[in-house]
Amino acid sequence: QVQLVESGGGLVQAGGSLRLSCAASGRIFSINVMGWYRQAPGKQRELVATLTSGGKTNYANSVEGRFTISRDNAKNTVYLQMNSLKSEDTAVYYCNVFQLGLLYWGQGTQVTVSS
């Protein structure tokens, strides 16, 4: 089993920055994909960014150039640096890990951007 714990969410003004962290524990394998998704009220969960263990990134168009995903494989932790935040970035942010055909989710952390 894999457990994921997110942290770093909060309230920030538009134009500000936040850094989210997600620590994974349990049976973590060296080859996997870690990522961030978000879900705003009344909307479906959507991709924010993913990062493979080999270093390949994928970003949603809406965050490209503002958000940066990174990971520390030694700590099994994935980060999401969010800059130039907008009110439309307000959502619950979830991290996940995909490995060996299984997908694990964290409990989510709230990010609120005030305009």
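The values are calculated or read from the model by the stated rules, or taken from the named source; none is laboratory data. These numbers come from a predicted model, not from an experiment. In this analysis, Cβ positions are derived from the backbone assuming ideal geometry, glycine residues included, and neighbour counts consider all displayed protein chains. Side chains included, ligands, DNA and RNA excluded: accessible areas come from the protein's heavy atoms. Shrake-Rupley method; radii C 1.70, N 1.55, O 1.52, S 1.80 Å.
Only one of (1) at pLDDT 95 or above; (2) of a type in the set (Gly, Ala, Ser); (3) assigned to a loop (DSSP other than H, G, I, E, B) is not met by residue 35, so which one is it?
Residue 35 satisfies every listed condition except (3).
Between residues in the range 45-57 that are without any contact (Cβ under 8 Å) to a residue 12 or more places away in the chain and residues that are of a type outside the set (Lys, Arg) and surrounded by 15 or more Cβ atoms within 10 Å (Cβ to Cβ), which pairs lie under 9 Å by C-beta distance while being six or more apart or on different chains?
56/33; 56/50
When the residues of the range 74-115 are filtered to those that are assigned to a loop (DSSP other than H, G, I, E, B) and of a type in the set (A, V, I, L, M, F, W, C), which remaining residue is least open to solvent (accessible area, probe 1.4 Å)?
Of everything passing the filter in the range 74-115, 85 is least open to solvent (accessible area, probe 1.4 Å).
Could you check the range 71-115 and list, in sequence order, the residues that are at positive phi and among the basic types (Lys, Arg)?
none
Which residue is farthest from residue 13 (Cα to Cα), if the candidates are limited to the range 57-68 and must be part of a strand (DSSP E or B) and hydroxyl-bearing (Ser, Thr, Tyr)?
57
Within the set of pairs 6 or more residues apart or between chains, which connect a residue that is in contact (Cβ under 8 Å) with a residue 12 or more places away in the chain and among the acidic types (Asp, Glu) inside the range 1-24 to a residue that is assigned to a strand (DSSP E or B) and surrounded by 14 or more Cβ atoms within 10 Å (Cβ to Cβ) with Cβ atoms less than 8 Å apart?
6/20; 6/21; 6/22; 6/93; 6/94; 6/95; 6/109
Given (1) loosely packed, with under 14 Cβ neighbours inside 10 Å; (2) in contact with a strand residue (DSSP E or B) (Cβ under 6 Å, 6 or more places away or on another chain), where does residue 39 come up short, assuming only one miss?
Of the numbered conditions (1) loosely packed, with under 14 Cβ neighbours inside 10 Å; (2) in contact with a strand residue (DSSP E or B) (Cβ under 6 Å, 6 or more places away or on another chain), the odd one out for residue 39 is (1).
So if I check each of 16, 54, which one is at pLDDT below 95 and either open to solvent by 30 Å² or more (accessible area, probe 1.4 Å) or part of a loop (DSSP other than H, G, I, E, B) (or both)?
After applying the criteria, what remains is 54.
Looking at the range 83-95, is at least one residue in contact with a Leu (Cβ under 8 Å, 6 or more places away or on another chain), more than 20 Å from residue 115 (Cβ to Cβ) and at pLDDT 95 or above?
yes
Of the residues that make up the range 69-84, is at least one of a type in the set (A, V, I, L, M, F, W, C) and without any contact (Cβ under 8 Å) to a residue 40 or more places away in the chain?
Taking the range 69-84 and keeping what is of a type in the set (A, V, I, L, M, F, W, C), we get 69, 74, 78, 80, 82.
After this cut, where a residue has to be without any contact (Cβ under 8 Å) to a residue 40 or more places away in the chain as well, the list is 69, 74.
Within the range 69-84 (the criterion being of a type in the set (A, V, I, L, M, F, W, C) and without any contact (Cβ under 8 Å) to a residue 40 or more places away in the chain), the answer is yes, since at least one residue qualifies.
Is it true that residue 71 is charged (D, E, K, R), open to solvent by 60 Å² or more (accessible area, probe 1.4 Å) and part of a strand (DSSP E or B)?
no
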